[in-house]
Amino acid sequence: MRGRGENVKGSRGISETAGAVIVILATVVVMLLLTYHLGVLGEPAPRLRGALSLRLAPRGGEVWSLGTQGEIHSSPSTDGERIYFGSNDGRLYAVSPHGQSLWSFKTGGPVVSSPLLLGDVVLFGSTDGRLYALGREDGRMRWSFQTGSPLVSSPSSWGDLVLLSTLGGTVHALSAENGAPVWERSLESPILSSPVVWENAVYVGTWGGELYALRAENGEILWSLPAPSPLTSGFSVEGGRIYLPLGPYLYCLNAENGGWIWYRYLGYTPSSPLVEGGRVYVGDEAGMLYCFSAENGEELWRRKLGGPLVSRPSLQGGRVYVGSRDNRVYCLSAENGDLEWRPFPTGGPVTSTPLVVGDRLYVGSSDNRLHCLNLGEDLLVLRWRGEEMREALVLENGRVEWRNLRLRADRKRIQTSWAAFNGDPNPGLVSLRDGDLLELRPSPPLRAGTFLMAAYAPADQLLGAWEVRGAASGGG
């Protein structure tokens, strides 16, 4: 019996010891959980109010877009610091190259005119009949000029003169300094296209089917040339030659006297041509993009696209960029017309001429948005919307050190070969504020099926989770 009591006592001691160990372990677990979710003094770690969007932007993919309240037919312009464009909501917008709205200016009608940058002002017309000159930095009006007729074309410049044409059929020359009238010339027929300047002459075409050359200094008519149909498309003057869309033809004329040099029959109304590098790039209403020799009109190549082409193409780095009424933006080889990447779809017809700056393309669409496309290597783009996230990361020489913001790919810290914050690759310690844009180039590139997670570290707050599917990530 004695031995049995000792065994019971021993068992009871073991049980008490095990219980104590369990209690200690449970306490440790609870403390760890509290420490993980609470601050040092037991207060909840602060959570951020905001949203992080993420997208994968391959070459030809969207980096960002900015919405307006109207269709965008105005072609964007840039001074390197800001992108300017008009909208049918009656405003001219200035945005940063990374998509933050800087200012906007309200007019009395849709703005389809493309902005002209001259000195420290941006000039543009509105269908309210007024030409506006705004300060480029602050958007404040310096001066304006009322023409009395809707302005749908873009202004041009010659020396210190601003030149504009109206639907009322008048060409105006104004002082660039204060908008004071210098001269005007009535051509008695609506003018849809912008005045084009070459040397000391200004060229304009009218709805009545007349091409005029005016002396830039005083508006004197140098010569005129009758045409069999209205002149509605923009035209180009390069190297002493006029490249003029007219009916189903593209004409090349002598700029000094209007004499015929060559022409090409396209079959459909051509768009405004681009002349560069000894070549003419022009589209038509059937969706065909042509490349001709500027010297003799020889056809070098053609490419059928998905819809009517009504805007002027852009050329940069051996590639031609053009928008179409099939809602897409195309990129083709300037050498042979081959498609370089999958056409980018917008939500509406594209009649705006693309603007190419470095490895970015900016273009407006009838979906009311200005789109920014990536022309370089694949990017991972993060946009923060919300209250400030302090000490989110350190970015030096394009390399990322994650701090309060954590981004992981398949549970591993993501590695990058290049990064930029609001376009700056070397900002140092970064705190994210509303609208900030972070661009990353993952190394190695992300593959389909990769699972991405972003979190705010101090509060263990999940900001988003995405799966890479093909060339685009979900979410965002």
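Do we find a residue being surrounded by fewer than 17 Cβ atoms within 10 Å (Cβ to Cβ), touching a strand residue (DSSP E or B) at 6+ places or on another chain (Cβ under 8 Å), small (Gly, Ala, Ser) and part of a strand (DSSP E or B) anywhere in segment 253-268? No - not one qualifying residue is present in segment 253-268. Could you tell me whether segment 153-173 includes any residue that is closer than 23 Å to residue 69 by Cα and touching a residue at least 24 places away in the same chain (Cβ under 8 Å)? For segment 153-173, residues closer than 23 Å to residue 69 by Cα and touching a residue at least 24 places away in the same chain (Cβ under 8 Å): present. Just one of (1) under 13 Å from the mean Cα position of the chain (by Cα); (2) of a type in the set (A, V, I, L, M); (3) in a strand (DSSP E or B) trips up residue 350, so point out which. Among (1) under 13 Å from the mean Cα position of the chain (by Cα); (2) of a type in the set (A, V, I, L, M); (3) in a strand (DSSP E or B), the lone unmet condition for residue 350 is (3). For segment 151-168, check the following and say yes or no: at least one residue is hydrophobic (A, V, I, L, M, F, W, C), within 13 Å of residue 129 (Cα to Cα) and more than 27 Å from the chain's Cα centre (by Cα). Yes. When we screen 422, 397 for residues that are touching a residue at least 40 places away in the same chain (Cβ under 8 Å) and among the polar types (S, T, N, Q), the only hit is 422. Number of residues in segment 193-218 that are surrounded by fewer than 19 Cβ atoms within 10 Å (Cβ to Cβ) and not acidic (Asp, Glu): the value is 7.
Yes or no, residue by residue, for (1) in contact (Cβ under 8 Å) with a residue 24 or more places away in the chain; (2) closer than 20 Å to residue 263 by Cα:
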{"site": "185", "(1), (2)": "yes, no"}
{"site": "225", "(1), (2)": "yes, yes"}
{"site": "238", "(1), (2)": "yes, yes"}
{"site": "247", "(1), (2)": "no, yes"}
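None of 134, 161 is buried (at least 21 other Cβ atoms within 10 Å of the Cβ) and of a type in the set (A, V, I, L, M) except 134.
Coordinate-derived values only; no laboratory data. Keep in mind the model is a prediction, meaning the values are calculated, not measured. All Cβ positions, glycine included, derive from the backbone under ideal geometry; neighbour counts span all protein chains shown.
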